[in-house]
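Read through the structure below, which is laid out as structure tokens, and then see the notes.
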Amino acid sequence: MTATTAQDQDDLAYNVFAKACPSRDTLEHVTGRWGGLTLGALYEGSLRFNELRRRVDGVSEKMLSQTLHALERDGLVHREAQPTNPPRVDYELTPLGRQVAERLLALIHCVEGSMDDVLAARARYDETRGAL
């Protein structure tokens with residue numbers, strides 16, 4: 001894969017670097033803390049709301065709900081409501097959501113695999129600049 005150049009950006013219908021581009025909102029939904037973790041969790045398969053909330057440790061009910069709405073609106077997550085009592089709602093990735101989640105998981109695995117280096121860099125930084 002090659003880096004995107006300025007010329008490539010000119011050839012695209014959308015440009016995330018442009019202030020008014022709608023792709024910026026979607027990028028924010030995908031790369032925000034809860035969006036990325038939600039997409040990553042759903043890559044494993046369909047989950048109910050509370051299952052997803054347990055999987056994405058630390059997310060509040062309100063934030064997960066807002067995140068799911070945004071991802072559903074962007075066409076990345078499908079919400080399936082079953083007419084049962086109590087109601088059952090399942091969430092799963094759309095084909096586009098799977099594409100995005102695959103790329104996010106590659107980034108997540110890269111970060112996880114580099115944490116020894118990151119922690120060492122933090123320690124060096126803190127030593128030279130004083131701990132925050």
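The values are calculated or read from the model by the stated rules, or taken from the named source; none is laboratory data. Computed from a prediction, not measured in an experiment: that's the story for all the values here. Counting neighbours? That spans all protein chains shown, and the Cβs are built from the backbone with ideal geometry, glycine included. Protein only, heavy atoms only, side chains kept; ligands, DNA and RNA dropped before computing areas. Shrake-Rupley method; radii C 1.70, N 1.55, O 1.52, S 1.80 Å.
Would you check if there is a residue in segment 81-103 being in contact with an Asp or Glu (Cβ under 7 Å, 6 or more places away or on another chain) and part of a loop (DSSP other than H, G, I, E, B)? Taking every residue of segment 81-103 in turn, none turns out to be in contact with an Asp or Glu (Cβ under 7 Å, 6 or more places away or on another chain) and part of a loop (DSSP other than H, G, I, E, B). Screening segment 47-75 for residues that are in contact with a strand residue (DSSP E or B) (Cβ under 8 Å, 6 or more places away or on another chain) and farther than 25 Å from Ser23 by Cβ and picking the one that is most open to solvent (accessible area, probe 1.4 Å) gives Arg55.
Take the residues in segment 93-132 that are within 24 Å of the chain's Cα centre (by Cα) and open to solvent by 100 Å² or more (accessible area, probe 1.4 Å); name whichever of them is nearest to Ala70 (Cα to Cα). Step through it out loud before you land on a result.
First, pick out the residues of segment 93-132 that are within 24 Å of the chain's Cα centre (by Cα): 93-119.
After this cut, where a residue has to be open to solvent by 100 Å² or more (accessible area, probe 1.4 Å) as well, the list is 95, 103, 107, 109, 112, 116-117.
Numbers: Pro95: 16, Arg103: 19, Leu107: 21, His109: 24, Glu112: 26, Asp116: 34, Asp117: 34 Å.
So the residue we want is Pro95.
Of all residues in segment 46-77, count the ones that are over 16 Å from Thr26 (Cβ atoms) and of a type outside the set (D, E, K, R).
Counting residues in segment 46-77 that are over 16 Å from Thr26 (Cβ atoms) and of a type outside the set (D, E, K, R) gives 12.
Quickly run through segment 78-103 and pick out the residues that are of a type in the set (A, V, I, L, M), farther than 13 Å from Val30 by Cα and modelled with pLDDT of 95 or more. Passing the criteria: none in range. Please work out if Val30 is in a helix (DSSP H, G or I) and open to solvent by 20 Å² or more (accessible area, probe 1.4 Å). The answer is no for Val30.
Got at least one residue in segment 37-46 being open to solvent by less than 70 Å² (accessible area, probe 1.4 Å), at pLDDT 95 or above and on the phi > 0 side of the Ramachandran plot? Taking every residue of segment 37-46 in turn, at least one turns out to be open to solvent by less than 70 Å² (accessible area, probe 1.4 Å), at pLDDT 95 or above and on the phi > 0 side of the Ramachandran plot.
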